[in-house]
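The values are calculated or read from the model by the stated rules, or taken from the named source; none is laboratory data. Worth saying up front: this structure is predicted, and the values here are computed from it rather than measured. Glycine also receives a Cβ, built like all others from the backbone with ideal geometry; neighbour counts cover every protein chain displayed.
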Amino acid sequence: MKLKKRKKTKQVSYSKARKEYLKRIRKDKAWVLFWQIAIFVCFLGIWQLLADTGVIDPFFFSSPSRIVTTIIDLAKGGDLWLHIWTSLYETIIGFIIATLLGVIIAVLLWWSEKLRKTMEPYLIILNSLPKIALGPMIIFWVGSGTGATIVMCVLICIVITTISMLNAFISCDSDKVLLMKSMHANKFQILFKLILPNALPEFVSVLKINVGMSWVGTIMGEYLSSKAGLGYLINYGSQILKLDIVMASITLLCILAAGMYLIVSPLEKRYKK
């Protein structure tokens, strides 16, 4: 005779103190979100009011309504989507290349202490070097356009990625490393079983930093040599003295950067120490 197993659903019961704690956490999050939105709305409202009353000159400072109108006009012309896609494509490619190369270089420097000691001064010098100074050379190396912009983006992000990840690798608990060595673990096993998992929180932090830095690199690259992109629009608008185009491009840039940040930020909760 076969007995049917019944699945019993377990109901999790929380204490009164626990429920009050969770309720307070939700209330605090809602309160923070409310004030974030309220401050933003108040800022836009005051900006628009000052522009409408003539306290500030809309020609120099623009206004929220003029920015929205400019974005709509650019979208109707059809060029806006080309500029957005160009900047987004260059930023994502530069972001991925810089992150991957930075992690690989950090692993190589962790692997060889002699190599790390040899290259560490050069990393510090490269990190302090203004990357915009390399702009003319980048154009000669890879030509103008998308290639130069991606290279600029990679140069800005790769050194920060390498230094941050290398510090995360080195800061791993030495006792744990010695324990694995005592168990006859080779360097590959130590790297993949201990070093890389331990560095995941720092890797997420690097991703968050690179979101902003990659956009900086993209805009700098488009300033130097580009015929499309939000950086090109900003440069073009400043040249013809149409600051509405400049402000509209900056607004779109903030929206895209915020979107990339929101994609990366959930990883922080998952891999937080």
Residue list for the range 198-239, restricted to those being touching a Gly at 6+ places or on another chain (Cβ under 9 Å) and among the aliphatic types (A, V, I, L, M):
VAL206, ILE219, MET220, LEU224, ALA228
Close pairs (7 angstrom Cβ cut-off, 6 or more residues apart or separate chains): among the β-branched types (Val, Ile, Thr) in the range 165-187, part of a helix (DSSP H, G or I) anywhere
ILE170/TRP110; VAL177/ILE190; VAL177/LEU194
Subset of the range 206-228 [farther than 17 Å from ILE92 by Cα and part of a helix (DSSP H, G or I)]
TYR223, LEU224
What's the number of the condition LEU267 fails, among (1) modelled with pLDDT of 85 or more; (2) out of contact with any His (no Cβ under 7 Å at 6 or more places or on another chain)?
(1)
Tell me which residues, restricted to the range 112-143, are under 20 Å from ALA168 (Cβ atoms) and surrounded by 15 or more Cβ atoms within 10 Å (Cβ to Cβ).
ARG116, MET119, LEU123, LEU126
Could you pull out every one of the helices (runs of 4 or more DSSP H) wholly within the range 96-201 that has 2 or more residues that are among the hydroxyl-bearing types (Ser, Thr, Tyr)?
113-128, 146-170, 174-182
Out of all the residues in the range 152-161, is one or more among the β-branched types (Val, Ile, Thr), surrounded by fewer than 16 Cβ atoms within 10 Å (Cβ to Cβ) and within 26 Å of GLU113 (Cβ to Cβ)?
no
Boolean, SER265 is assigned by TED's automatic domain parsing to the domain that holds ILE92, within 19 Å of THR69 (Cα to Cα) and either surrounded by fewer than 17 Cβ atoms within 10 Å (Cβ to Cβ) or touching an Asp or Glu at 6+ places or on another chain (Cβ under 7 Å) (or both):
no
